Each structure stands twice: as C-alpha cells, then as structure tokens.
Amino acid sequence: MRKKIKSMVTLPVVCCCLLSPFSLAMAEESDEVDIVEVEVRSTVLTDYLVTTEVITAEKIKELGATNVAEAINWVPGLYVARADKNSRMVRIRGAATDQTKIYVDGMPLFPLSGIASNAASDLATIPVDNIEKIEIIKGPGPVQYGTDYKGGIILITTKNGQGVGQGSLHLSAGSHSAYDTHISYSGSEGNVSYAVTAGKRQTDGHLSNSESDTNYFNGKIKWDVGQDSALTLSGYYINTDREIANYVDQRTGQPLYPNTNWSGDTAIDGKRSTSDWKFTDLKQTNIALQFDEKANNRFSYNVKIYHVTDSNDLWVYNRNNASLGTDTYANPIWYRSGWSSKGNGMEFTGDLQANRNNVITFGVKYNKIDWDADENNSDLDEGGTDKRIGYYVQDRWQVDNKTSVTLGVRYDEAKQSYSSTKTGGSSIRNSSTIDATDPVLNITHQLDNQNALRFSAGKSHIFATAKQVSNNLIGGAAIPEPEKAKNYEIGWKHDFDAKSSLDVAVFKNKIDNRIDRRTSDKMYYNIAQTDIQGVELSYNRLFSERLKGFINYTYLDAEDTDQEGVKTKAVKLPDAILNCGLTYTVDKLQTTALVRAVGNAGTDDATYTRLGGYYTMDVEFKYRQDANTDYFLRVSNLFDHKYWETATYPSDGINFMVGANLKL
C-alpha cells in the first residue's frame, strides 16, 4: 500500500517542484497578491483546522463556470458525479453524493437530502452570477452544521446588492441545441439591499432521450433593522422537465433497456424492458427567514426558520407492454410514479466570547419532513414522516499565538414513521427512534510564517433514510443499521512566498455498517466495514500580473469488507485525479485552459468490470469590450476524447457554448 501511494504521489510533487523555481523567477514581474476575505464569525474557515477551499467570484470567472457543479469541479478531493435523476452532485473524499451538506447564506439548500428525496439535489441548477464565494470544508467540520455527513460541507455566500439598482443579462447557446438565459437585478436603498436572478436553461442532450428544460429563480432581501442586527429573507424555486438518457452498450453501441420489476411492465421470458425514463414537473422551493443580532461585545446569535417543498412525476415507457399491445390500469404502456414532500425547520446558534481566548458556540436544530408517493397503476397510499432534532456545543480555544484547539460535540435524534396500504396487499406500518452522539477535535499549529500543521479527528453518522426504510419494508428486508464513521486528517501548508503555496493533506475514513443498495433486488443493506484513505496535494501560483495557475492531485483508495471478512475494492470511484489550469490575461482578452486526468474507476456491473482512465481539456476565450459587455467562447473536451462517465453512459465528445454578459 505504501509503495502504491508513493508512486501515485510522485508525479504531482515533481510538477510542484518544477513550477516553484519557474514561478520564483517570474515573481519580480508583479507585486500583485490575491487576498481572500472571509467574514469574522465563530468558525472562521481561514482559522478552522481541516482542509478548506475558498472559491472567490474572481476564481469562478477564471474557470468559466456557469453553475456550482462546474465551479467546484476542480477542487482536490472532490468528484462531481452523475447522480440519480440525471443530476450533478459531488462526492467528497469518496462519500456518497447525498452525504455532503450544502448551505446558501447559512440556510440548508437541500434539507431533504439524506432524509427523503436525495436524488432531487442538483448542483448544476445553482447559477453562479450572484455568488460572492464558495467555501468547502473537507473532513470533520464544525458541529453547528451537523455530524450526519461524512463527505463535507459546501457554504455558498451570495452577493449583497450595493448602490443604485443594476441589471445584468446572460445569453449563451451551444452544442446539442443548448441555451442558457438569465437576468439579474441587485442594489440597495437606505438600510435595505436586494439581489434576484431568474433564468431558463435547455438542452436536447447528446444521447437519445436526454432533453432537459429548467426554469429557476433565486433571491434575497436584507434589512439592517439596527446597528447590530439584520433580517434576511431568501428563497429559490426550480421547475425542471428532464429526460434520462437511454443506456448504451460500450461494446456494440446499441441501447440497453433496464430489467425492472416495479413499473407495471409485463415480463416476457422472465425479462422486463423499459426505456425513455423522464421526470416532469420536478419542482423545488425553499423560503427562509434569518435574524442576526450582536447583543453585546461578548454575545451574538442568529435564528433561522425555513419551509421547503420537493415534488416530481417519474415516467417510464414499458416496452414489453407496447409490443404486446397491453395498455391496462395494472400494466400501462406509460407508468408514472409520483413523489411529493414538504418540510419545516428552525435553527438557533449562539456565540459567546467566554474570555479573550475562548469562543463557545452552541445551538439547536429541528426539522420535520413529510412525504407521500403514489402511482398511476394502483391504489398505493404510501407516506412517511421524519423528525430530527440536534443539540451541539463547541469551544474554540486560542492556546497561544501559534496554536488553537476546537472541540465540539453534537447529539442528534431521528424519529421516523412510515405507512403503506394497497388493495390486495397487506398494510405496513413502522416507527422508530434512533440517536447518535458525535465529537469533533481539531488542532492547528503555526510553525513559522511559512508553515502550518493541522490535525483533525471526528465521528459522523448516517441514518437510513425514510425512503430506504420504506423500500426494505415493502420488500420484506431488514432495515439497515445506522452507518457510523471515524474521520482523521493531518495536513501541512507551506507558503513559498506571497504568490505561491503548497497544501498537503493525508486522510482516512473508517466506516462501519456502510449503507449500500444491491443491484439484484434493489434492497438496502449494510457493508460491515469500508476503509477510505487518500492524499491531496494542491499548488497555486501567481506567476505575474498576466499569468496565474494551479495544479492539484488526489489519490483515493477505498476497500469494502463484508460480513464474512472478504475484502473487495469499493466501486464507482476513480483512484486518482489530476487537475491543472492556467489563466492568461492581456488587455481585454482572457484565456483559460483546464486539463483533467482521471484514473481507473470500478463498476459493480459484471459486464463492465473496469472503467478506463481518461483526460480532457477545456478552454475558454473571453473578450471584455468595455465595463458593461463581455463575450465568451467555451470549448469542452477539446480533443474529443471518447470515454464513459459510468458503465453505460458515454461522454458527449467535444462541445461548445458561446455567449455574452451585459450590464443593463
């Protein structure tokens, strides 16, 4: 294992070493230094003790990103994967896509994730135009965000409107009949600031049955109700019709049709055949209200309340029924499965300056989610409720001017109830209460002006979701035990000078009773133990006032151990990812080149035992005509490399987008 890690790490280390002398030679060309501003709060990410990443609005522009999925795609340790419902979600250090928490301006963006409808979460639906910064916490995070995750936390901060109202318009179009149009308006007047964005995104997709059409809106209004208090109203809305591309056989190029047993499809020779899966009226809403107040010099607090909804209709074409001419109530040609969920939540967080060197953070969080499911070929009545409450306390202690320690503990309790009735079948009812207590410890030490060390350790847990519980109860399978993990990390950051830095992190995640889904019967079960370990290296360099670049590398090794002690490689994760990018600016022209090399990834499909490694190159050319107008051309997969994102989903080859950004 040590030899393998050593060989995988050698290339990026050599690259960093080669870049350093070159960058030092060019350092005298400019005295410009990039400074990332982070607001003062109880858990300041520049002082926090795990590996963090801050993506500023300037960096988002350099990457040419149009949504959050594209903006975070180049961060070490992150793997933006194709999730259910054809969404784009992130896996942080090997964790599942629904085990990452996402907040916008302190509000949970997808609070239903990991509870009822994780498949609806989609980072590609979040535009970046009004984002001030994206902060990513990898590893054990502050307990105020919870410990019911093992991936990480993504904190999105949007811009506040400033000055006289100003509008902006984004227009773009490209391959596969794609277009993206959105308009934003922001400003401030007196003690009120505001910012809103509304848009529409559409594409025919590069494969059969892959059309997508999305309308979205988000915004916030902030009132400074006093010198030390503010009230913020925020919300978002999306409505999507999205087709799920038909699978394609890697060897023959022919379509593959899933063999399902829940869609009302008639079996022929023991096989079922479905195609043209699609979601209609996939709607999500979130409206939230937050009050912040600095009560005095030692105590500040905030209160959040929010209401969320999530609903969609899933349609599938039953090929066997169509070939047999069968279109009945029980066996329709087009089968629909409906989903509806709603929830309310409340959170309180207080920060107490206990003394000069101590800040104590404490709080409570409560939410309640109700969901219902139905289908068009039966009288199924299925639904459930998930209530969660959590308490936490955290102490950040500044030992001296070089060392700080953070220790936190959190208690979470989940109450789930479920019921299902269907004519001709038995009624099923279930309720349960489960809880977990998790500590988190972090230590950082500044060796000198150029070197800092950090250590983190923490526990996390994942409860079986309400929908997973219902799935197993209907199938007569046992409910999975809670998934528990222990996370460890040690890191080192070295600043070569004011313009270049190197960050190294070694991490390990030991998971007991990992919850997974069997492909044979679609039931959820526990894998006795999963060990995930890896290394991250990140180097950033400002070569001159015209040229800046980065290179980062992630090595990941994941191994499952079943109940009998048999070890196998965990699947669907690349074992290595290398990212690098350069941005060159001259006068009104900016050019960015991004290269990604991805190692082999496993698959649990016996037909496709391995997915081969590949690399891609993306380029963007941006021309700024004046302060109010810029144009861009973005080309992805420039060399048209053919690869497979999953076992049955090929890449879309070379594609492009061309557009303009206008200030109105």
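The values are calculated or read from the model by the stated rules, or taken from the named source; none is laboratory data. No experiment lies behind these values; they were computed from the predicted model shown. Here the Cβ is made from the backbone with ideal geometry for all residues, glycine too, and neighbour counts use every protein chain on show.
Looking only at residues in the range 275-298 that are among the aromatic types (Phe, Trp, Tyr) and out of contact with any helix residue (DSSP H, G or I) (no Cβ under 7 Å at 6 or more places or on another chain), which one is surrounded by the most Cβ atoms within 10 Å (Cβ to Cβ)? Working first, answer last.
Of all residues in the range 275-298, those among the aromatic types (Phe, Trp, Tyr) come to 277, 279, 291.
Checking the rest, the ones that are also out of contact with any helix residue (DSSP H, G or I) (no Cβ under 7 Å at 6 or more places or on another chain) come to 277, 291.
Working: Trp277: 21, Phe291: 15.
Taking the candidates together, the pick is Trp277.
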Determine which member of the set Asp560, Asp503 is modelled with pLDDT under 90, part of a strand (DSSP E or B) and either over 21 Å from the mean Cα position of the chain (by Cα) or buried (at least 22 other Cβ atoms within 10 Å of the Cβ) (or both). Asp560
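Hey, does the range 446-458 have a residue that's touching a Lys or Arg at 6+ places or on another chain (Cβ under 6 Å), hydroxyl-bearing (Ser, Thr, Tyr) and closer than 27 Å to Pro140 by Cα? Lay out the reasoning, then the answer.
Step one: of the range 446-458, the residues touching a Lys or Arg at 6+ places or on another chain (Cβ under 6 Å) are 446, 452.
Checking the rest, the ones that are also hydroxyl-bearing (Ser, Thr, Tyr) come to none.
No, the conditions are met nowhere in the range 446-458.
Would you point out the residue of the range 93-129, among those that are of a type in the set (Val, Ile, Thr) and at pLDDT 75 or above, that is farthest from Ser341 (Cα to Cα)? Walk me through how you get there before you give the answer.
The first filter runs over the range 93-129 and keeps only residues of a type in the set (Val, Ile, Thr), leaving 97, 100, 102, 104, 115, 125-126, 128.
Applying the additional criterion that residues be at pLDDT 75 or above yields 100, 102, 104, 126, 128.
On the way: Thr100: 20, Ile102: 19, Val104: 21, Ile126: 21, Val128: 27 Å.
This residue is Val128.
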Residues located in the range 632-664, provided they are outside any strand (DSSP E or B) and not polar (S, T, N, Q): Leu638, Phe639, Asp640, His641, Lys642, Tyr643, Ala647, Asp652, Gly653, Ile654, Leu664
May I ask you to verify whether Asp448 is surrounded by fewer than 18 Cβ atoms within 10 Å (Cβ to Cβ), at pLDDT 90 or above and more than 20 Å from Arg396 (Cβ to Cβ)? yes
Conditions (1) of a type in the set (Val, Ile, Thr); (2) surrounded by fewer than 17 Cβ atoms within 10 Å (Cβ to Cβ); (3) outside any loop (DSSP other than H, G, I, E, B): number failed by Val469: (2)
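Here's the yes/no breakdown for (1) over 25 Å from the mean Cα position of the chain (by Cα); (2) free of Cβ contacts under 8 Å to residues at least 40 places away in the same chain; (3) under 27 Å from Tyr643 (Cα atoms):
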| residue | (1), (2), (3) |
| --- | --- |
| His182 | no, no, no |
| Gly199 | no, no, no |
| Gln202 | no, yes, yes |
| His206 | no, no, yes |
| Asn215 | no, yes, no |
| Trp223 | yes, yes, no |
| Ala230 | yes, no, no |
| Ser234 | no, no, no |
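Rundown of residues vs (1) under 22 Å from Tyr524 (Cβ atoms); (2) outside any strand (DSSP E or B), yes/no style:
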{"site": "Ser417", "(1), (2)": "yes, no"}
{"site": "Arg429", "(1), (2)": "yes, no"}
{"site": "Thr433", "(1), (2)": "yes, no"}
{"site": "Thr437", "(1), (2)": "no, no"}
{"site": "Leu441", "(1), (2)": "no, no"}
{"site": "Asn449", "(1), (2)": "no, yes"}
{"site": "Ala452", "(1), (2)": "no, no"}
Among the residues of the range 324-360, write down those that are in a loop (DSSP other than H, G, I, E, B) and among the small types (Gly, Ala, Ser). Gly325, Ala330
Of the conditions (1) free of Cβ contacts under 8 Å to residues at least 60 places away in the same chain; (2) touching a His at 6+ places or on another chain (Cβ under 6 Å); (3) surrounded by 14 or more Cβ atoms within 10 Å (Cβ to Cβ), Thr403 clears all except one; give me its number. (3)
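Answer with yes or no whether Glu413 is surrounded by fewer than 18 Cβ atoms within 10 Å (Cβ to Cβ) and either in contact (Cβ under 8 Å) with a residue 24 or more places away in the chain or assigned to a strand (DSSP E or B) (or both). Steps first, please.
On the way: surrounded by fewer than 18 Cβ atoms within 10 Å (Cβ to Cβ): yes; either in contact (Cβ under 8 Å) with a residue 24 or more places away in the chain or assigned to a strand (DSSP E or B) (or both): yes.
Spelling it out, Glu413 is indeed surrounded by fewer than 18 Cβ atoms within 10 Å (Cβ to Cβ) and either in contact (Cβ under 8 Å) with a residue 24 or more places away in the chain or assigned to a strand (DSSP E or B) (or both).
For every residue, the table says whether it meets (1) under 14 Å from Pro76 (Cα atoms); (2) in a strand (DSSP E or B).
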residue: Ile511; (1), (2): no, yes
residue: Ser520; (1), (2): no, no
residue: Val535; (1), (2): yes, yes
residue: Thr568; (1), (2): no, yes
residue: Tyr584; (1), (2): no, yes
